[in-house]
Amino acid sequence: MSATQVHINELSQLNARYVASIDEDNLEIWPRFFTEQCLYKITTAENYQKQRPAGLIYADSRNMLHDRVNALREANIYERHRYRHIVGTPLINSVGERTIQAETPFLVTRTMRTGEMSLFASGKYVDQLLIQGSELAIEKRQVVCDSIAIDTLLAIPL
Amino acid sequence: MSATQVHINELSQLNARYVASIDEDNLEIWPRFFTEQCLYKITTAENYQKQRPAGLIYADSRNMLHDRVNALREANIYERHRYRHIVGTPLINSVGERTIQAETPFLVTRTMRTGEMSLFASGKYVDQLLIQGSELAIEKRQVVCDSIAIDTLLAIPL
Amino acid sequence: MSATQVHINELSQLNARYVASIDEDNLEIWPRFFTEQCLYKITTAENYQKQRPAGLIYADSRNMLHDRVNALREANIYERHRYRHIVGTPLINSVGERTIQAETPFLVTRTMRTGEMSLFASGKYVDQLLIQGSELAIEKRQVVCDSIAIDTLLAIPL
């Protein structure tokens, strides 16, 4: 098996665990997929292309991700929707000694308590991943959303 | 390649064949993916979390799955919709000597004869799989749907 | 790793690059995934089943694919939507000395400038792929869409 395929498999598994932590409302373990110093940003395709620094959500450490989860837990006690991420096949753009650059498309559906389903978000993860033995950790994840008018109530991680 | 990755690949292939049998309306081969004694259940996330026994659809043998397909064939002769399953990367939760426990997210779209498309279902498969050489067979599959108000006309397998 | 799994991985990677070229609006590289003499066709499930020759879009060489991209570039200068393909696990139907027959489900979302998201297409790729060392090239790709009433303004490749 090629080294690239090994990393594709590793990233697919990381993503599978990452999205399960969100969709199963097990948010407390979600920060563990990141390195202690990290970058997590949700932005739009337009802002990403124009290299505008501003993101809708921004964190630069695992602690900030934990804070965000705590804030969500305090604020978001009513009316849980359900989210479901479907993640595509990763594209490995480059492999260095320590890190990997990769992009992966994703789609998220939302199901309301009434049963109504809708498309919630689509886009791609633009990642820098730290190689740690046979696993990967997220050093940088830019969540680049296709939509420009992202729900201002956006609360869950993507 | 790790033993886990081998099982991920096996389950991905099983799921690919499983959903193709449904989406290509080749339902007669769908029961073959199960062991003779098996459990197949469609339920909601809420019922699953509260461990309520009742499922929307329930079968405990391959013969019952065949009966279900026959019933669908007799009832459902008019106005075929088209369904399309997109299945995510499996998460292997544990591997025993004979069996594997795994969870896999899925999404199903429905296309009407008029061309109108909609999200039909999303959720996860919660599986116990029997290891048979280099293939897997389904011993238990709980289809846990995100939606609480599942279409009461739900007819196709998920 | 089985020979089939090798080809599944190769086709998954081909599809990942193929859909990224479309979704990133990098259409100029899209024809490179095909052999010089090739078949590319978008059709409906109904036409495909009845083996009707007519497709909505048809090309039988890489040059025709280039021409199509050029036409799109000239015509389609206003109001870009964003598309996102999510591609499922390939099913390898047969492996010959030179070529592989495979089918792969897909789903495409469209996001308007206003942020509104919708399901744009779903269906399956029915492929004949040329084995070229450790890579695959598309000799024939029939894009079989679930919908019968495909958007008459269908412009992007699928």
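The values are calculated or read from the model by the stated rules, or taken from the named source; none is laboratory data. Since we're looking at a predicted model, the values are computed, not measured. In this analysis, Cβ positions are derived from the backbone assuming ideal geometry, glycine residues included, and neighbour counts consider all displayed protein chains. Calculation scope for accessible area: heavy atoms of the full protein, side chains included, ligands and nucleic acids excluded. Shrake-Rupley method; radii C 1.70, N 1.55, O 1.52, S 1.80 Å.
Sorted from closest to farthest, the other copies place their B:E135 label points 3.4, 3.4 nm away, with each point set 7 Å from Cα along Cα→Cβ. When the other protein chains are added to the chain by itself, burial of at least 10 square angstrom of heavy-atom accessible area (probe 1.4 Å, ligands and nucleic acids ignored) affects these residues of region B:1-35: B:M1, B:Q5, B:I8, B:N9, B:S12, B:Q13, B:A16, B:R17, B:A20, B:E24. Dipole orientation for region C:6-158: of the candidates C:C38, C:M117, C:A137, C:M117 has the Cα lying most toward the positive pole (charges on Cβ; Lys, Arg +1; Asp, Glu -1). Each part gets one Cα centre, and for region A:74-137 versus region B:1-71 those centres are 26 Å apart. In the structure shown, the pairs A:K41/A:K140; B:K41/B:K140; A:K140/B:K124 are assessed against 19 Å; a Cα-Cα span above that value is assigned to A:K140/B:K124. For region C:3-145, a crude dipole built from +1 on the beta carbon of Lys and Arg and -1 on the beta carbon of Asp and Glu, taken about the Cα centre, is about 300 debye to the nearest 20. Heavy-atom accessible area buried between chains B and A is around 1900 Å² (1.4 Å probe, both sides summed).
Only helical runs count toward this figure. For chain C, summing -39,500 (n - 2.57) over DSSP H runs of n ≥ 4 and dividing by all residues gives -8000 deg cm²/dmol at 222 nm.
Amide H to amide H distances under 5 Å link C:T89 with B:V87, where only residues 5 or more positions off or on other chains count and H is placed in the peptide plane. Here is how far apart the B:V69 label points are across copies: 4.3, 4.3 nm, shortest first, using a point 7 Å from Cα toward Cβ. Per the Kirkwood formula applied to alpha carbons, the protein assembly as shown shows a radius of gyration over Rh ratio, Rg over Rh, of 0.94. Backbone geometry of region A:80-92 corresponds, through the Karplus equation with coefficients 6.51, -1.76 and 1.60 at θ = phi - 60°, to 3J(HN,Hα) couplings of 6, 8, 10, 10, 9, 8, 10, 10, x, 6, x, 10, 7 Hz, x marking Gly and Pro. Amide H of A:F120: which non-local residues (sequence gap of 5 or more, or other chain) have their own amide H closer than 5 Å, using H built in the peptide plane? Here the answer is A:V108, A:T109, A:R110, since their amide H atoms fall under 5 Å of that of A:F120. Considering only A:Q132, A:Q101, A:Q142, the Gaussian network model of chain A with Cα springs below 10 Å gives its largest mean-square fluctuation to A:Q132. Peptide B:104-117 has a mean shielding of 6, counted as Cβ atoms of other protein chains within 10 Å of each residue's Cβ.
Once you keep just the Cα pairs under 8 angstrom separated by 6 or more residues, what percentage relative contact order results for region C:3-145? Let's see the in-between values first.
On the way: 262 pairs, mean separation 37.1, N = 143.
Dividing the mean separation by the residue count of region C:3-145 yields 26 percent.
For B:L39, the residues whose amide H sits under 5 Å from its own are B:K140, B:R141, ignoring neighbours fewer than 5 places away on the same chain, with H placed 1.01 Å from N.
So, with a 1.4 angstrom probe, what is the percent of accessible area on region B:3-145 that is carbon and sulfur? Please list the in-between numbers first.
On the way: 2920 of 6370 Å².
Here it works out to 46 percent.
Note that region C:1-155 presents 46 Å² accessible area per residue, ligands and nucleic acids not counted, probe 1.4 Å. Here the protein assembly as shown is treated with +1 on each Lys and Arg Cβ and -1 on each Asp and Glu Cβ, and its dipole about the Cα centre works out to around 460 debye.
Dipole of chain B (Lys/Arg Cβ +1, Asp/Glu Cβ -1, origin at the Cα centre): which of B:L107, B:N70, B:S21 lies farthest to the positive side? Highest projection toward the positive end goes to B:L107.
When Rg is the radius of gyration of the Cα atoms in chain A and Rh is its Kirkwood radius, what does Rg/Rh come to? Could you put the intermediate results ahead of the total?
On the way: Rg = 15.4 Å, Rh = 16.2 Å.
We get a ratio of 0.96 for chain A.
What's the angle, to the nearest 10 degrees (0 to 90), between helix A:3-23's Cα axis and the longest principal axis of chain A? Once rounded, the angle reads 20 degrees.
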